[in-house]
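Student: Would you mind keeping the following structure in view while I ask a few things?
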Amino acid sequence: MKQLPIPSFFDSKNAGRWSYSPDQTRLFNDAVAFKRAHDIKPAASSKVRIHPLLIDVQKDFCFPWNDQTHSGGTLYVGGRSGTGAVDDSARIAQFIYRNSHLLTGLTTTLDTHFAFQIFSAPFWLTADGQPLSSHTLIDVGQSGVLVNLDLSGKVLHNNVNPNPALAAFLCNGDYSWLCSQAKFYCEELARGKKYKLYLWPPHTMLGSDGHALVGVVHEARLFFSYLRSVQTDCEIKGGNPLTENYSIFQPEVLMRWDGKPLAQRNTGFLKTMLGNDVVPLLGQAGSHCLKSSIEDLLTEIQTVDPKLLSRCYVVTDCSSAVAVPDGKGGFLADFTPQMEEAYQRFADAGMHLVKSTEPIESWPGVHLN
């Protein structure tokens with residue numbers, strides 16, 4: 001099956017426009033006309049189930065901050081190029097348009113946060129009651145107390161702890177419990193060989209403009225939905241205040257220090273994705289939320305049936321790595337190597353690395369008839 005043409009209303013420049021929002025009434029009418037012109041059948045008639053998973057294609061990750069307009073993303077994934085997520089959004093939209101006649105479903109995830117969470121600077125205080133800064137780390141020091149580090153590993157503050165005021169609504173006022181949980185959490189990250197606890201700036205806060213999907217991606221998913229008479233889905237993650245939730249399939253830590261459950265795996269959605277024949281995986285960030293989601297999917301498949309790994313396709317030109325500029329031409333942090341290592345590991349395990357511009361029918365192992 002040949003790829004579809006890109007609809008005439010699509011403008012790749014809109015991928016870089018924070019304020020862009022599609023005309024949703026016009027979009028339905030355009031989809032009806034496009035469907036007739038290209039004889040598009042409903043998704044239910046397709047024998048091969050192709051269901052892309054779009055990770056966190058939200059405004060806060062996909063636009064740089066603009067000082068002139070006082071708008072833009074608070075955690076822009078620019079990659080090393082500086083235009084990473086903007087370019088990715090345009091490619092994601094075009095991928096959906098070209099392949100809408102083949103796709104049978106589409107899920108977008110929504111990273112969703114609140115003011116006080118364990119990975120945010122306001123959650124923490126120094127020993128003398130001062131707040132910490134974003135883009136720093138929390139780790140267990142040699143003396144057993146929690147310490148605040150810069151990204152090079154230099155100690156900035158010894159003996160940091162959660163803000164005592166948070167205990168009132170996080171654990172019924174038991175501050176000792178909260179401190180024990182915070183230390184246990186950092187120890188669990190170390191035991192699991194995960195990242196050190198990274199303090200991110202506020203992002204994708206529920207109710208904020210930055211929480212919304214990028215306009216061109218939202219436009220493409222709606223057009224696909226109308227074109228193929230199928231409902232697209234959203235999966236929410238990230239609301240638990242006491243754990244990070246990079247992956248859509250499970251939080252970083254599942255247990256509390258006292259042995260009780262802290263969170264649970266998203267087993268229902270795992271089953272949904274494993275029920276498809278082709279699962280394209282794309283979105284932000286390739287070094288964090290996309291990477292973690294694929295790692296969890298990989299672990300699940302290896303447990304259930306390793307043959308299912310061949311159904312997973314990492315669309316490498318539709319995601320970028322977190323790279324934090326230092327203002328001097330370099331980076332405070334650059335997670336590109338971690339992303340590249342992970343992609344190679346996924347390929348070695350049996351997943352496929354593909355490009356969005358390649359016809360799906362040319363992807364290894366895809367049989368549409």
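Student: For the list (1) in contact with a helix residue (DSSP H, G or I) (Cβ under 6 Å, 6 or more places away or on another chain); (2) surrounded by 24 or more Cβ atoms within 10 Å (Cβ to Cβ), I need the number of the one condition that ASN99 fails.
Tutor: (2)
Student: If you don't mind, there's one more thing I want to ask. Consider PRO251 carefully, then state whether it is open to solvent by 30 Å² or more (accessible area, probe 1.4 Å) and assigned to a loop (DSSP other than H, G, I, E, B).
Tutor: No: the conditions fail for PRO251.
Student: Here is a further query. Pairs only if they're at least six apart or on different chains, beta carbon under 7 angstrom, first in the stretch 178-189 and open to solvent by less than 40 Å² (accessible area, probe 1.4 Å), second of a type outside the set (Asp, Glu) and in a helix (DSSP H, G or I); list them, first residue then second.
Tutor: Cβ pairs passing all conditions: LEU178/LEU166; LEU178/ALA167; LEU178/LEU170.
Student: What is the number of the single condition among (1) touching a Phe, Trp or Tyr at 6+ places or on another chain (Cβ under 7 Å); (2) without any contact (Cβ under 8 Å) to a residue 12 or more places away in the chain; (3) of a type in the set (Asp, Glu) that ASP30 does not meet?
Tutor: So ASP30 meets the others, but not (2).
Student: Only one residue in LEU222, LEU282, LEU242 is over 22 Å from GLU340 (Cα atoms) and not in a loop (DSSP other than H, G, I, E, B), so which one is that?
Tutor: On the way: LEU282 fails: over 22 Å from GLU340 (Cα atoms); LEU242 fails: not in a loop (DSSP other than H, G, I, E, B).
The conditions single out LEU222.
Student: A follow-up question, please. The conditions are (1) open to solvent by less than 40 Å² (accessible area, probe 1.4 Å); (2) part of a helix (DSSP H, G or I), and GLY144 fails exactly one of them. Which is it?
Tutor: Answer for GLY144: the failing condition is (2).
Student: Another question about this same structure. Has the stretch 269-281 got any residue that is in contact with a helix residue (DSSP H, G or I) (Cβ under 9 Å, 6 or more places away or on another chain), open to solvent by 10 Å² or more (accessible area, probe 1.4 Å) and in contact (Cβ under 8 Å) with a residue 40 or more places away in the chain?
Tutor: Within the stretch 269-281, one or more residues are in contact with a helix residue (DSSP H, G or I) (Cβ under 9 Å, 6 or more places away or on another chain), open to solvent by 10 Å² or more (accessible area, probe 1.4 Å) and in contact (Cβ under 8 Å) with a residue 40 or more places away in the chain.
Student: Now for a separate question. Those residues that are closer than 17 Å to PHE95 by Cα and either open to solvent by 80 Å² or more (accessible area, probe 1.4 Å) or polar (S, T, N, Q) (or both), I need them from the stretch 7-31; list them, please.
Tutor: SER8, SER12, LYS13, ASN14, listed by residue number.
The values are calculated or read from the model by the stated rules, or taken from the named source; none is laboratory data. This structure is a prediction, so every number in the text was calculated from the model and none was measured. Cβ sites come from the backbone with ideal geometry, for glycine too, and all protein chains shown count toward neighbours. Heads up: the accessible areas ignore ligands, DNA and RNA and are worked out on the full protein's heavy atoms, side chains in. Shrake-Rupley method; radii C 1.70, N 1.55, O 1.52, S 1.80 Å.
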